[in-house]
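Inspection log for the structure reproduced underneath, given as structure tokens.
The values are calculated or read from the model by the stated rules, or taken from the named source; none is laboratory data. Being a predicted model, the structure only gives us computed values, none of them experimental. Every residue, glycine among them, receives a Cβ derived from its backbone with ideal geometry; neighbour counts consider all protein chains shown.
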Amino acid sequence: MLIRPTPTVVSLCSLALLAAPVLADKAFYGDPPDATHPWGIHDRNRPQPPLVTPGTFSTDDQPGRPPSDAIVLFDGTATSLGKWEADKTPAEPTKWVVVDGALQCVPGSGYIRTKQLFADCQLHVEWASPTKIEGTSQQRGNSGIFLMGQTEVQVLNNFDNPTYADGFAGSVYGVNPPHANALHAPGEWQVYDIIFRRPIFRDGKLLDGGRQTVLMNGVVVQDSTPLEGGGGHRTRGHDRSFGEKGPLKLQDHGNPVRYRNIWLRPLPLRAIDGGDMGVMSPIDVTAKKTELAKSIRADAAKLQGQAKLLRLMESICYDQDPATTATATAGITDWLTTTKSVPAAAIEDRKAEILEMRDAIGYLVRFKFLPADFTALPELGQIVKAHGWDKK
Ligand code: MG
């Protein structure tokens, strides 16, 4: 039975949703940056996500449209076939063909690879095995998608065709079977969405063995599966480097498997790869915080009065530069002197400004960016208390 929220709950939820953007815009709000995170919690200085126009889903008759930022590797045209070549040295044009908008394997012509090289990515591939059923186990509608040319997500007609589990459609071949067999019938289009993270070695040391997530027709069949060196035929893989970049390869396993609507989006770098996702190295964090503080101070330079002072104070959360701290401290002292000289009749007009400064200074003291005995804070506390502004 569905439990409907009461009107009160709905209205409180709505208020919370409406309030969030306003609160998120405040400085001196959540926990500040630390040694492994350059941004504070709910940090308004953290960049907004880039805009991406989403694509559309495919039907069996019609491939969907890729997202706006995707690198399209095959769109049904002979032109996009030009983005591929035979997986040979030296490179030569592929003998695979475009038939009715699909890229079709020509058995015996060999693997194909993209001319462009990739690393961590979101990959979308649609494939269809032949309707003419031939062979059993690994011989029925076999192809494969090789990320960085090194680890295979299996393409195979397992609609009614048992095989060894770690070679099943949707397996990380030789490593891990898919969690489910969610295949459509042979001849129908199957959709793979793959999220791939390559192994990362540095100075010969393994930092991350790499992993991939695979959705088969919208069903999760690999969930951050460790690559274990990428797997392979008959051989147990061991953690190894895939290098920095590699081509996407499609396998010729002797069956005329078809592909369409192939696109890829490079993924943001992991923290251990120089990116800013998750726990970063103290060196990278210091560099990012220094950059943020510089940007905030450049912004402060364009401002005047209290707005300028608050922005300078904000920058101290990222970089405790002594000169800036001294400037901010002197600015607070001057501001407080001016504020204390405001006539009693006019002080109410300054209430919001004074409360904002008290909160900002309180934040900087609480998180030890200013000393615990910073006298402006208790002085402001006395002003606030004297006017009853601390009462709800
Ligand atoms: Mg294969």
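A few comments on the model shown:
- Checking each residue in the stretch 271-283 for being surrounded by 13 or more Cβ atoms within 10 Å (Cβ to Cβ) and free of Cβ contacts under 8 Å to residues at least 24 places away in the same chain picks out ALA271, GLY275.
- Sole exception among (1) outside any helix (DSSP H, G or I); (2) in contact (Cβ under 8 Å) with a residue 60 or more places away in the chain; (3) of a type in the set (D, E, K, R) for GLU314, by number: (1)
- Test result for ALA372, under 26 Å from THR286 (Cα atoms), of a type in the set (A, V, I, L, M) and assigned to a helix (DSSP H, G or I): no
- Residue within the stretch 107-130 that is outside the structural domain of TYR318 (by TED's automatic domain parsing), β-branched (Val, Ile, Thr) and part of a loop (DSSP other than H, G, I, E, B) present: no
- Test result for ARG358, among the charged types (D, E, K, R), in contact with an Asp or Glu (Cβ under 9 Å, 6 or more places away or on another chain) and surrounded by 14 or more Cβ atoms within 10 Å (Cβ to Cβ): no
- For the stretch 361-392, a residue qualifies if it is farther than 27 Å from GLN320 by Cα, under 43 Å from the mean Cα position of the chain (by Cα) and exposed (fewer than 11 other Cβ atoms within 10 Å of the Cβ), and exactly one does: LYS392.
- Checking PRO107 against (1) surrounded by fewer than 17 Cβ atoms within 10 Å (Cβ to Cβ); (2) within 29 Å of THR163 (Cα to Cα); (3) away from the ligand (no atom under 14 Å from the Cβ), the condition it does not meet: (3)
- Across the stretch 135-156, the qualifying residues are those that are assigned to a loop (DSSP other than H, G, I, E, B), within 14 Å of the ligand (Cβ to nearest atom) and of a type outside the set (Lys, Arg), and the one among them that is surrounded by the fewest Cβ atoms within 10 Å (Cβ to Cβ) is GLY135.
- Residue that is surrounded by the fewest Cβ atoms within 10 Å (Cβ to Cβ) [pool: residues in the stretch 175-204 that are at pLDDT below 95 and in a strand (DSSP E or B)]: ARG202
- Taken over the stretch 268-292, the criterion of being within 26 Å of ILE316 (Cβ to Cβ), assigned to a loop (DSSP other than H, G, I, E, B) and aliphatic (A, V, I, L, M) is satisfied by VAL279, MET280.
- Residue match in the stretch 26-35 (condition: in contact with a Leu (Cβ under 8 Å, 6 or more places away or on another chain), small (Gly, Ala, Ser) and outside the structural domain of GLN150 (by TED's automatic domain parsing)): yes
- Any chance LYS115 is touching a residue at least 24 places away in the same chain (Cβ under 8 Å), out of contact with any Leu (no Cβ under 9 Å at 6 or more places or on another chain), more than 16 Å from the ligand (Cβ to nearest atom) and within 30 Å of GLY275 (Cβ to Cβ): yes
- Some residue of the stretch 207-220 being more than 27 Å from the chain's Cα centre (by Cα), closer than 22 Å to TYR259 by Cα and within 15 Å of the ligand (Cβ to nearest atom): no
- For the stretch 94-104, the set of residues classified as surrounded by fewer than 18 Cβ atoms within 10 Å (Cβ to Cβ) and within 16 Å of the ligand (Cβ to nearest atom) consists of GLN104 only.
- PRO47 being in a loop (DSSP other than H, G, I, E, B) and crowded, with 16+ Cβ neighbours inside 10 Å: no
- When residues of the stretch 157-171 are limited to those that are free of Cβ contacts under 8 Å to residues at least 40 places away in the same chain and not in a loop (DSSP other than H, G, I, E, B), the one nearest to the ligand (Cβ to nearest atom): GLY167
- Count of residues meeting criterion [surrounded by 14 or more Cβ atoms within 10 Å (Cβ to Cβ), closer than 26 Å to ASN161 by Cβ and not acidic (Asp, Glu)] in the stretch 110-134: 11
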